[in-house]
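Have a look at the structure that comes next, please.
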Amino acid sequence: MLNFSKEQIKIKIGDMSMGGQPGELPTVLFGTVFYGKKYRDHAPEAMEEIAGFIATQEELSQMTGNPGICDIFIGSEEQIETRLNFVLDRVPENRPICVDVPESELRAKVLDHAGEIGVSSRLIYNSLNLGLEEMEKEALANNPPGCAIVLGYNPKNMSTDGRMEILENGAGLLDQGLMDIAKEANIPNMIIDTGATPFDHNTAETIRSIPVMKNKWGLPAGCAIHNTVESWLWMKDYRKTHREAYLTCDVGANALPVMMGADYCVYGPMRNAGQIFPFIAMVDKFIAEGGEDYFGIEIPEDHPKRRLK
């Protein structure tokens, strides 16, 4: 079991808390909605399906104690208002939402819209990364989100040191580190994403980086390790006839960062919430029991260790 000598920062956004020593708080679980061709045109049956996913994630969150966050994929300007409003209407009023936006210019427009409708403080920004452009910087300063995920992806050096450099000093790819950019934009909270990479691309560094970064900065950290499983070439073919094997790997992979001290997981499509929440709740019970026995960590009553006897 892990315990860090560096003081661990706990953040709170609305009703979500994250961070601290391993076992101190439940793992936060981000499930993604609207990703894929099926949801591009917002057909009624697709929207009804997503509404069901959101309701199920919330039920599982209430049952286990693991906070469930909607990670909203937005791929075009036309999708911003529809997708944000749809999710905001279906989650508790004090629940943060996460926006997962691939392009810098589009991220700027999402920030502007969030400011216009008054939800900036509830926004978890996914992510502040190497693709940052000036328009996005200005939007961050004008409408800072409640929290930014700073992405430790460095294509020049995928080691733990390389991932830390992009956060700390820009690694020669940016004029300054992503952490300093977040601070200058007055973003009140930061969490680290170590940047999941495919197999044979320093994959193990994705999870090895977690305890190293937490011990250096004390910030909440995690990753989207499901992306490594999703990009596994052998599995892409094998899963065609062995879907259950793929789902086992996809869900089980999330234990790896949590056992290394991660505070959150972006677990992939929200349709998998029924598998992921009980699984991570079990992992959290192991870690909390060790933290309590060995390090005297105080476990809250809403932790899976207390809720799920």
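Derivation of every value follows stated rules applied to the coordinates shown; laboratory data play no part. This is a predicted model, so every value here is computed, not measured. Neighbour counts run over all protein chains shown; Cβ positions are idealised from the backbone, glycine included.
How much of the DSSP bridge set in segment 25-153 is antiparallel, in percent, rounded to the nearest 5?
If we restrict to bridges inside segment 25-153, about 0 percent are antiparallel.
Once you mark the GluC sites (Glu not before Pro) that are in a DSSP loop and have at most 16 other Cβ atoms within 10 Å, what is the longest gap between them in the chain?
The segment 134-297 is the longest one with no such site.
Which shape class applies to the chain: rounded if a/c is under 1.5, otherwise prolate when a/b exceeds b/c and oblate if not, where a ≥ b ≥ c are the square roots of the Cα gyration tensor eigenvalues?
Rounded.
What is the calculated FRET efficiency for Lys309 to Phe4, with r their C-beta to C-beta distance and R₀ = 22 Å, to the nearest 0.05?
With R0 = 22 Å, the Cβ-Cβ based efficiency is 0.20.
Could you tell me whether segment 172-309 comes out rounded, prolate or oblate from its Cα gyration tensor? Rule is a ≥ b ≥ c as square roots of the eigenvalues, rounded for a/c under 1.5, then prolate if a/b exceeds b/c, otherwise oblate.
Judged from the Cα gyration tensor, segment 172-309 comes out oblate (a/c at least 1.5, b/c at or above a/b).
Continuing with this model, one more query. Shape call for segment 1-95 from the C-alpha gyration tensor, a ≥ b ≥ c root eigenvalues: rounded (a/c under 1.5), prolate (a/b greater than b/c) or oblate?
Cα axes put segment 1-95 in the prolate bin.
Would you mind checking which residues have amide H under 5 Å from Ala148's amide H? H placed 1.01 Å from N; only 5 or more apart, or other chain.
The list, which skips near neighbours in sequence, is Tyr125, Asn189, Met190, Ile191.
Please list, in chain and number order, the residues 5+ apart from Ile69 or on another chain whose amide H is under 5 Å from its amide H, with Hs placed from the backbone.
For Ile69, the qualifying residues are Leu29, Phe30, Gly31.
Let me ask something else. Taking the Cβ of Val91 as the center, what net charge do the other residues with Cβ under 13 Å away carry, scoring Lys and Arg +1 and Asp and Glu -1?
So the surrounding residues net to -2.
How much length, in nm to one decimal, is gained on full extension between Glu138 and Asp41, taken as 0.36 nm per residue of separation minus their Cα-Cα distance?
Separation in residues times 0.36 nm, less the Cα-Cα distance, equals 31.9 nm.
Give me the percent of DSSP beta bridges within the chain that run antiparallel, rounded to the nearest 5.
10
With θ set to phi - 60°, apply the Karplus curve 6.51 cos²θ - 1.76 cosθ + 1.60 along segment 146-159 and write out the HN-Hα couplings as whole Hz, x wherever there is a Gly or Pro.
The phi angles translate into x, 7, 10, 7, 9, 9, x, 9, 10, x, 7, 8, 8, 5 Hz.
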